[in-house]
Structures are given as structure tokens and as C-alpha cells.
Amino acid sequence: MIPEQREARRLPVKCHNLLPYLLLLTCLLTGGQNRARADSLTLPSSRWVTPVKLTPVTDRKDPGVRLEYGPPCLAEAGNRLRKLVHNFGRRGFVLVQYKTPYRAREGHCPNGTLFFLPQKEATNDTP
């Protein structure tokens, strides 16, 4: 038997051993998508928002974060908002991350923009 034929025979066996790992990876990715969906909502109407940039600050006691505000940008209706856990002491507000598949035009918010949304407007509307 030629060595190339021997290698060809082994290949399906190697792929067969990967099958459980591929199934596990698929389950993990699907589970992650469902979890992200539960923490997100659709922006019901376009609005001008003030972007927030989180800048790490370290001092002698413990590390922290400083909020820096950028110029307003337009967040378009129909795009997703991902709720983040921390509100940085702003009662009545939720920090969200703007998610859009589109390239931002001038004056529009790019994908990943962080901003505060009033808590009463941050209700889950996922089906």
C-alpha cells in the first residue's frame, strides 16, 4: 500500500474523533447567543445620544473607571442595544451598547457605542 493511501484512510478516523468536540462547540455558541438575546432590546425610535467612554484609572487604593462623554451622535431606530450590568452610580439609567451591522455615516453612532438610556425605556422586547 502506498503511504498516501494510508494517510487517506486515517483522515476519516481523525475527523470522526472531532465530532463530539464540534457538537459541544455548536451547543456553547448557541447558548451564548440565547443569553445575549435576553440582555438586549431594540431601539424603538432614532435619538441623539451622548456617547460614554470608559477610561481605566488606577490609584493607590484600588482601580476604577472614569466616564468621558463624547459629542452627541444619532442612534438609529431598529438597531439592537445590549444592556450592561453596571450603571456607574447613575440611578434611573442603564448603560447600553449600541449594536448595528451598518457602517456609521458622519454624525451617526458607530457599532459598539456606549450610552445611558433611561431605565423605564430599557425593557426587554425580545419575542
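Picking from residues in the range 77-102 that are under 16 Å from the mean Cα position of the chain (by Cα) and exposed (fewer than 10 other Cβ atoms within 10 Å of the Cβ), the one that is nearest to Gly64 (Cα to Cα) is Val85. For Cys73, the conditions (1) in contact with an Asp or Glu (Cβ under 7 Å, 6 or more places away or on another chain); (2) modelled with pLDDT of 95 or more; (3) not polar (S, T, N, Q) are fulfilled apart from (1). When Leu74 is tested against (1) more than 20 Å from the chain's Cα centre (by Cα); (2) assigned to a strand (DSSP E or B), just one condition goes unmet, and that condition is (1). If you check Val96 against the conditions, is it of a type in the set (A, V, I, L, M), at pLDDT 85 or above and not in a loop (DSSP other than H, G, I, E, B)? So Val96 fits the description; yes.
The values are calculated or read from the model by the stated rules, or taken from the named source; none is laboratory data. It should be emphasised that the depicted structure is a prediction, and the values quoted were computed from it without experimental measurement. Cβ sites come from the backbone with ideal geometry, for glycine too, and all protein chains shown count toward neighbours.
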